[in-house]
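First the structure, in the form of structure tokens, and then the observations on it.
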Amino acid sequence: MSMSDGPNIDRRAYLTAVGVGGVAALAGCTGSGDETSGSGSDTGEAGTEAAAESGTTLPDSVDIGSDIPYRPFEFKTTDGELKGFDVSIAQAVFEDQLGITPAFTDTSFDTIISSLNNGNFRVVMSAMTINETRDQQVDFSDPYFTAYQTMLVLKGSDITGRADLEGRTVGVQKGTTGADAAEQLKSEFGGDLTIKRYDQIPAAFDALINNQVVAVINDNTVNGEFADQNDAVRFVEGEGAAADAGKNAPPYLTLTIEEYGIAFREDDDEFRQRVNEALAAIREDGTYDEIYGQYFSG
Amino acid sequence: MSDARSRNADEAAVSPTFDDRTLKYVGVAVSGAFTLVVGAFLGLILWRQVDPSLFVEIFNPQFVDAFLVVVRIVVISSVLSVVGGFAVGLGRISETTMTRGIAKGYIEFFRGTPLLFQLIVIYSGIPAFWAAGEFPIANFSVPAAIIGLTLNHAAYIGEAIRGGVEAVPDGQMEAARSLGMSYAQSMQEVVLPQAWRNALAAIGNDQVILVKDTSLLSVLAVPEIISTVQNINSATFDIWTPILWAAILYLAITIPLGKFVRYLEARADPAGESA
């Protein structure tokens with residue numbers, strides 16, 4: 001007894017020390033690997049049995065490529081634990097539904113597709129928007145998250161719709177889909193829109209508060225979080241792209257719709273099919289809504 | 001035998017590997033090889049990386065606009081920072097303890113903190129004193145940029161001017177005072193014209209740095225040259241085509257500026273042609 005207790009305590013103390021010391025990556029990998037391997041081996045067997053019955057062979061574990069951190073989709077807490085919307089969805093889909101142990105691999109977003117195709121990991125879950133260019137190189141699962149581009153303005157603002165932005169100045173973060181949406185508005189207005197591009201989204205929010213821009217165009221989740229914390233701002237309300245597409249539209253005006261998907265190599269159709277079924281199952285049994293509520297307020 | 005050996009030893013001590021001629025050829029070979037590598041690299045960029053039609057397409061209006069914004073900010077900040085720098089420099093050499101102390105504190109702060117920090121303080125910090133949406137200056141990024149560059153570079157120019165004044169021999173001031181001139185008169189008529197000449201090279205150097213510092217203004221969302229490169233890069237995934245414009249446009253400001261400073265130096269030099 002004492003022999004098995006000894007090393008166990010040591011390792012735990014080591015993990016805490018490493019986590020507190022800030023080497024979060026190491027602690028996170030070791031921690032999550034250990035946590036899932038115990039239960040993973042049991043359910044893994046069950047999974048392969050089930051798979052054998054249905055005629056598909058599933059692996060014991062799946063490597064997931066992801067650009068960490070990207071709050072609130074994938075990030076490490078100060079004690080080194082990997083958390084986030086993608087992480088919880090992966091847990092629900094792969095572990096709970098399919099009996100496969102998910103293991104996240106940190107990678108850089110700009111090379112993530114070629115890394116996937118080179119075989120560095122089996123799938124990608126990295127808040128990745130499904131679009132045509134990407135779809136030519138990989139195959140996507142059914143969407144597991146919908147993001148909207150929205151407009152945040154000051155409470156007392158006279159802006160009530162997209163047309164009111166003509167001739168005004170908007171703030172965006174460089175290189176984001178929010179910047180693309182602003183660019184699209186600009187061409188709709190025949191160039192009569194000034195776009196201020198900030199390095200980070202908080203600088204754009206500051207600019208809104210400081211009267212430098214009349215609106216910030218950004219993801220609904222990030223805008224929503226700021227609107228919750230700051231009484232001086234509000235969403236521009238109304239129907240938009242979401243309503244046009246016949247989606248279950250949120251109360252705020254949506255400029256564009258983006259859907260996030262899990263990316264697979266193009267020759268991985270069988271596995272993708274199983275993951276789609278699992279995604280449908282967690283939407284069905286309420287797990288999805290539970291996870292969504294954990295990370296997003298609106 | 002022993003004679004020859006000692007002579008060899010002497011030569012070895014003075015010039016172990018090269019004589020003058022070899023040294024010259026080594027220099028030529030090294031610089032030639034360097035030029036070849038740089039030339040090959042530039043050639044590779046031009047042939048393989050730069051898209052000629054995109055290069056033409058992005059010049060106007062994107063880079064023209066960015067260039068004009070940068071030139072406007074540089075001209076205004078340059079003039080203001082030289083004027084302000086004179087005040088700081090004179091304060092720094094003042095015989096009044098308080099004036100000297102304040103000037104010294106100013107220089108310590110603005111030289112001791114990064115320009116990026118100062119720009120963020122001005123652009124995001126100052127408007128925070130107003131309630132949300134009540135800050136009166138609507139397009140604050142260019143004014144904030146000019147204020148930040150001016151305050152920062154006035155500190156460096158102040159130091160350059162202090163150095164210029166200190167390099168003027170004490171005898172100049174003493175001679176002027178003994179001719180019955182006041183302190184202010186002696187400064188204005190005798191010391192400062194010589195100090196200006198001494199400080200010119202350092203001031204010119206600083207103004208070139210001011211031009212390059214405009215690249216930091218992208219954090220204030222000023223549509224300057226670097227943010228234009230980033231925009232085009234994120235829209236086209238092409239980096240070398242916009243980067244080439246950035247190189248050309250920065251040099252188009254800094255090279256003529258350097259020439260102008262050398263012209264001023266020549267004009268201020270009593271031994272120069274214009275004297």
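The values are calculated or read from the model by the stated rules, or taken from the named source; none is laboratory data. This structure is a prediction, so every number in the text was calculated from the model and none was measured. So basically every Cβ, Gly included, is an ideal-geometry build from the backbone, and we count neighbours across all protein chains shown.
Return the only residue of A:281, A:242, A:249 being free of Cβ contacts under 8 Å to residues at least 12 places away in the same chain, buried (at least 16 other Cβ atoms within 10 Å of the Cβ) and of a type in the set (Gly, Ala, Ser). Reasoning before the result, please.
Values: A:281 fails: free of Cβ contacts under 8 Å to residues at least 12 places away in the same chain; A:242 fails: free of Cβ contacts under 8 Å to residues at least 12 places away in the same chain.
Going through A:281, A:242, A:249 in turn, just one is free of Cβ contacts under 8 Å to residues at least 12 places away in the same chain, buried (at least 16 other Cβ atoms within 10 Å of the Cβ) and of a type in the set (Gly, Ala, Ser): A:249.
If I go through the stretch A:244-290 residue by residue, how many of them are assigned to a loop (DSSP other than H, G, I, E, B) and farther than 17 Å from residue A:93 by Cα?
Looking only at the stretch A:244-290, we keep the residues that are assigned to a loop (DSSP other than H, G, I, E, B), and these are A:245-251, A:253, A:261-262, A:265-268, A:285-286.
Adding the requirement that they be farther than 17 Å from residue A:93 by Cα leaves A:245-251, A:253, A:265-267.
Summing the residues that are assigned to a loop (DSSP other than H, G, I, E, B) and farther than 17 Å from residue A:93 by Cα in the stretch A:244-290 gives 11.
Taken over the stretch B:222-244, the criterion of being under 20 Å from the mean Cα position of the chain (by Cα) and more than 12 Å from every other protein chain (Cβ to nearest Cβ) is satisfied by B:225 alone.
Residue by residue, here is whether (1) of a type outside the set (Asp, Glu); (2) more than 30 Å from residue B:115 (Cβ to Cβ); (3) in contact with a His (Cβ under 9 Å, 6 or more places away or on another chain); (4) modelled with pLDDT of 95 or more holds:
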site: B:141; (1), (2), (3), (4): yes, no, no, no
site: B:144; (1), (2), (3), (4): yes, no, no, yes
site: B:150; (1), (2), (3), (4): yes, no, no, yes
site: B:156; (1), (2), (3), (4): yes, no, no, yes
site: B:161; (1), (2), (3), (4): yes, no, no, yes
site: B:184; (1), (2), (3), (4): yes, yes, no, no
site: B:196; (1), (2), (3), (4): yes, no, no, no
site: B:201; (1), (2), (3), (4): yes, no, no, no
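State whether one or more residues within the stretch B:156-175 are part of a helix (DSSP H, G or I), closer than 25 Å to residue B:224 by Cβ and in contact with a strand residue (DSSP E or B) (Cβ under 8 Å, 6 or more places away or on another chain). The answer is no; no qualifying residue exists. Checked against (1) part of a helix (DSSP H, G or I); (2) surrounded by fewer than 22 Cβ atoms within 10 Å (Cβ to Cβ), residue A:103 meets all criteria but (1).
For the stretch A:219-234, a residue qualifies if it is surrounded by fewer than 19 Cβ atoms within 10 Å (Cβ to Cβ) and more than 14 Å from every other protein chain (Cβ to nearest Cβ), and the qualifying residues are A:225, A:228.
One line per residue, one yes/no per condition, for (1) farther than 30 Å from residue B:203 by Cα; (2) outside the structural domain of residue B:239 (by TED's automatic domain parsing); (3) touching a residue at least 60 places away in the same chain (Cβ under 8 Å); (4) surrounded by 13 or more Cβ atoms within 10 Å (Cβ to Cβ):
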residue	(1), (2), (3), (4)
B:30	yes, yes, no, no
B:58	yes, no, yes, yes
B:61	yes, no, no, no
B:65	no, no, yes, yes
B:86	no, no, yes, yes
B:97	no, no, no, no
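If the condition is being touching a Ser or Thr at 6+ places or on another chain (Cβ under 9 Å), within 14 Å of chain A (Cβ to nearest Cβ) and among the hydroxyl-bearing types (Ser, Thr, Tyr), then the stretch B:81-135 contributes only B:123. Scanning the stretch A:57-104 for residues that are in contact with a strand residue (DSSP E or B) (Cβ under 9 Å, 6 or more places away or on another chain), of a type in the set (S, T, N, Q) and within 21 Å of residue A:265 (Cα to Cα) yields A:61, A:66, A:91, A:101. Among the residues of the stretch B:231-275, those identified as small (Gly, Ala, Ser) and touching a residue at least 12 places away in the same chain (Cβ under 8 Å) are B:246, B:252, B:258, B:268. Do any residues in the stretch A:135-162 that are within 14 Å of chain B (Cβ to nearest Cβ) have Cβ atoms under 9 Å from those of residues that are aromatic (Phe, Trp, Tyr) and not in a strand (DSSP E or B), where the two are at least six apart or on different chains, and which pairs are they? Filtered contacts from the stretch A:135-162: A:152/A:205; A:152/A:226. Taken over the stretch B:165-184, the criterion of being surrounded by 14 or more Cβ atoms within 10 Å (Cβ to Cβ) and either over 26 Å from the mean Cα position of the chain (by Cα) or free of Cβ contacts under 8 Å to residues at least 60 places away in the same chain (or both) is satisfied by B:168, B:172, B:173, B:176, B:177, B:181. Of everything in the stretch A:115-132 that is in contact (Cβ under 8 Å) with a residue 12 or more places away in the chain and assigned to a helix (DSSP H, G or I), the residue that is farthest from the chain's Cα centre (by Cα) is A:117.
Being assigned to a helix (DSSP H, G or I), surrounded by fewer than 19 Cβ atoms within 10 Å (Cβ to Cβ), among the aliphatic types (A, V, I, L, M) and away from chain A (no Cβ under 14 Å) is the requirement here; does residue B:257 meet it? Write out each step before concluding.
Values: assigned to a helix (DSSP H, G or I): yes; surrounded by fewer than 19 Cβ atoms within 10 Å (Cβ to Cβ): yes; among the aliphatic types (A, V, I, L, M): yes; away from chain A (no Cβ under 14 Å): yes.
When the stated conditions are applied, residue B:257 passes them.
Would you check which residues across the stretch B:112-146 are within 17 Å of residue A:230 (Cα to Cα) and in a helix (DSSP H, G or I) and list them? B:124, B:127, B:128, B:129, listed by residue number.
Going residue by residue through the stretch B:65-86, is there one that turns out to be in contact with a Lys or Arg (Cβ under 8 Å, 6 or more places away or on another chain) and farther than 13 Å from residue B:154 by Cβ? It would help to see each step written out before you state the result.
First, pick out the residues of the stretch B:65-86 that are in contact with a Lys or Arg (Cβ under 8 Å, 6 or more places away or on another chain): none.
No, the stretch B:65-86 contains no residue that is in contact with a Lys or Arg (Cβ under 8 Å, 6 or more places away or on another chain) and farther than 13 Å from residue B:154 by Cβ.
Scanning the stretch B:223-252 for residues that are out of contact with any strand residue (DSSP E or B) (no Cβ under 9 Å at 6 or more places or on another chain) and outside any helix (DSSP H, G or I), we see that the one that is surrounded by the fewest Cβ atoms within 10 Å (Cβ to Cβ) is B:237.
The lone criterion from (1) in contact with a strand residue (DSSP E or B) (Cβ under 8 Å, 6 or more places away or on another chain); (2) surrounded by fewer than 17 Cβ atoms within 10 Å (Cβ to Cβ) left unmet by residue A:126 is number (2). Answer yes or no as to whether residue B:89 is over 18 Å from the mean Cα position of the chain (by Cα), assigned to a helix (DSSP H, G or I) and more than 26 Å from residue B:141 (Cα to Cα). Taking the combined requirement at face value, the residue does not satisfy it.
Identify all residues within the stretch A:187-218 that are more than 11 Å from chain B (Cβ to nearest Cβ) and under 21 Å from residue B:238 (Cβ atoms); write none if there are none. Walk me through how you get there before you give the answer.
First pass over the stretch A:187-218, keeping only residues more than 11 Å from chain B (Cβ to nearest Cβ): A:187-190, A:192-193, A:201, A:215-218.
Once the filter is applied, which keeps residues that are more than 11 Å from chain B (Cβ to nearest Cβ) and under 21 Å from residue B:238 (Cβ atoms), the stretch A:187-218 yields only A:187.
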